[in-house]
Amino acid sequence: MGNPRGVKRDFDQLERRRLKAANLFDRGLSQAEVARRLNVHRQSVSRWYQSWQEQGLKALRKAGRAGRRPRLQARQLEQLRQGLQTGPEALGYGTSLWTTWRVADLIERQTGQRFHPGHVWRILRGLGWSCQRPTGRAIQRDEPAIRRWKRQRWPVLKKTRSGNTAR
């Protein structure tokens, strides 16, 4: 039933297939032959044929956009993309880390639209952004001292297995 999870349907291609079926109906082909040629189930062809008989080609055209219209227009999304690239410091935040709360604040400042931070990730994903975790390393980090500690001190502290352990 339907498409596997995550597989998007190509509505333009589906419409082209239905219109091709109507063309074949016009040429006098049977429903079974149309189903074979288009490699679809006969039940689908029967439904298309009935719609075509009752309402013509307009019945086989795609229905248009499904669901609610997006609250952000294309130009607003582009404006958001540019705002994200300038960084959170431009909004007065102390670090260069974007959080969903900060992005929600940016969206509200730029567009006046209020989004819950829990839903902002969908907008970010639509813009091609993904979740990134900062490395979390301190600026003052002393790499040579860390290497020295790992080579000299860590082996002394590390527990070792006793030799008489039964397996």
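Quick look at the numbers
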{"item": "Dipole axis of the stretch 36-167 (+1 Lys, Arg; -1 Asp, Glu on Cβ), positive-most option in Gln50, Leu38, Gly92", "result": "Leu38"}
{"item": "Debye intensity ratio I(q)/I(0), log10, the chain, q values 0.08, 0.11, 0.17, 0.21 Å⁻¹ (C-alpha model)", "result": "-0.59, -0.76, -1.02, -1.32"}
{"item": "Distance between modelled label sites at Arg122 and Leu14, nm, 7 Å Cα→Cβ extension", "result": "1.9 nm"}
{"item": "Stretch gain in nm, segment Arg109-Thr95, where the contour uses 0.36 nm per residue and the Cα spacing is subtracted", "result": "3.2 nm"}
{"item": "Magnitude of the charge dipole, the chain, Cβ model with Lys/Arg +1 and Asp/Glu -1, debye to 20", "result": "940 debye"}
{"item": "Using a Förster distance of 25 Å, the FRET efficiency for Arg36-Ala63 (Cβ separation, nearest 0.05)", "result": "0.40"}
{"item": "Gaussian network model of the chain, Cα within-10 Å springs - most flexible of Ala21, Ala90, Ala104", "result": "Ala21"}
{"item": "Reciprocal of mean inverse Cα separation for the stretch 74-126 (Kirkwood radius, Å)", "result": "11.0 Å"}
{"item": "Exposure proxy ranking, count of Cβ atoms within 10 Å, fewest first, for Glu54, Glu33", "result": "Glu54, Glu33"}
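Readers should treat all values here as calculations from the given coordinates under stated rules, not as data from a laboratory. The model shown is predicted, which means the values in this text are computed figures rather than measured ones. Positions of Cβ are generated from backbone atoms using ideal geometry, with glycine treated the same way; all protein chains shown enter the neighbour counts.
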